[in-house]
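All remarks here apply to the structure that follows.
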Amino acid sequence: MGESDWGDWLPTAVAAADPDTVAVWYLGCNGFVLKGSEGTTLFVDPYCGLGDPPRTVRMLPVPFDPTDVTDADAVLATHEHSDHVHGPTQAPILAATGADYYAPDASMAVVDRAGWTDDWGVVSEQFVTVTEGDEFDVGEFTVHVVPVNDPDADHPVGYVFEHDAGTVFHGGDTRPDESFPDLADRFDIDLGVLAFGSAGTILDKETREPTRTQWYATENEVIRAANALELDRVLPSHWDVWKGLNADPTALHHHARSFPYPERLEVVEIGDRIDL
C-alpha cells in the first residue's frame, strides 16, 4: 500500500462537489469516481498500491488515503488484476461507507483469498457478483455489465453507467471487441474510458526474466474501439502508471482526426475532474 502525500483534498473535493450533471474524477491508473447530481458516488477500480517493484513500478503519486473516503455508494471492479482488485485500497472504503462491492467471479475469488471480511471488517452482504448482461441500480445510476476483451484477465467485464445527464462506459483494460457495435446500438455513450499504453519490457511474473509485454490497447486499437462504440468523448487511462509501459495520450489526436469518432479526446491527469 502506498502512502499519499496529497492529504485529503481529493476525497474532500469529491464529497463537497455538487455537480449539475455527472462529475468524473481520474484517480490515475484505471481508477475513477463518478458523482451524480443527486449525490450518488461510485468508485471504479480505485488503486493506491505501488505495484510489485522492480517488476511493476508505479510512476505517479498515490492521490488519497482510502481511510479519508467518507462518501461512496458502490465500488466496482472490472477484473481480478491487483491494480483493479486491491484490498488495502478498496476494503477500507467499503468498511467506512457501507458501500456495496460489484465484481465478476474471478475478482471475488481474489477478495475471498485475501480475507477482506476478516482483515478489514467488511461484511459478506456487501459483495455482489456480476456477469455480462446484468443490470442494477445504484442511486441515480443504472449500471449495465457488458462484455469486453482483455486477453490477460480470467473474467473481465465493462460497465455502462446510465444517468439522466448522459452515459459513461468503463472498459477496464479492454482491447477492441466484436460486441462493441452492439453496445453502440444499445447506448448513446457520451464518455468512454479506454486503457492505453505502450509495449515494453517487463520482468516475467514467474521467471523474472525481461519479457516483451503489452497489457493495454495501442493508439490504433483505442481509436478502433472508440469508433466501434461510437464514443462522443474518449478518455485514455492507464498510460501513466507503470514504468516501461507509459505512453503519450496526446498522440491519439493524430490517430483519431480522420475518423468520425471520438468527437473529442479528453486528456486528463491524475486528480483531474471533467463533467458530462
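Quick notes
- DSSP bridge orientation in the chain - percent antiparallel, rounded to nearest 5: 65 percent
- Span-like helix ranges in the chain, DSSP H, alpha carbon extent 24 angstrom or more, Kyte mean at least 1.6: none
- Inter-part distance where region 85-131 and region 13-65 are each reduced to a Cα centre, Å: 17 Å
- Value of [θ]222 nm, deg cm²/dmol, for the chain, DSSP H segments ≥ 4, -39500 (n - 2.57) each, nearest 500: -5500 deg cm²/dmol
- Charge tally for PRO262 (other residues, Cβ to Cβ under 15 Å; Lys, Arg +1; Asp, Glu -1): -4.
- Charge tally in the Cβ shell below 12 Å around LEU27, where Lys, Arg are +1 and Asp, Glu are -1, LEU27 excluded: -4
- Label separation (MET59 vs THR201): 1.5 nm, computed from points 7 Å beyond Cα along the C-beta direction.
- Taking the Cα centre of region 125-225 as reference, the dipole from Cβ charges on Lys and Arg (+1) and Asp and Glu (-1) amounts to some 560 debye.
- Two-decimal Rg to Rh for region 155-220 - Kirkwood Rh, Cα set: 1.12
- Segment GLU132-ARG212, extension gain: residue separation times 0.36 nm, minus the distance between their alpha carbons: 25.7 nm
- Rounded Å value of the spacing that divides the Cα centres of region 222-276 and region 143-207: 13 Å
Rule-based calculations on the coordinates, nothing more; no lab input. This one's a predicted model, so the numbers in the text were calculated from it and none came from an experiment. Glycine gets a Cβ as well: all are built from the backbone with ideal geometry, and neighbour counts include every protein chain shown.
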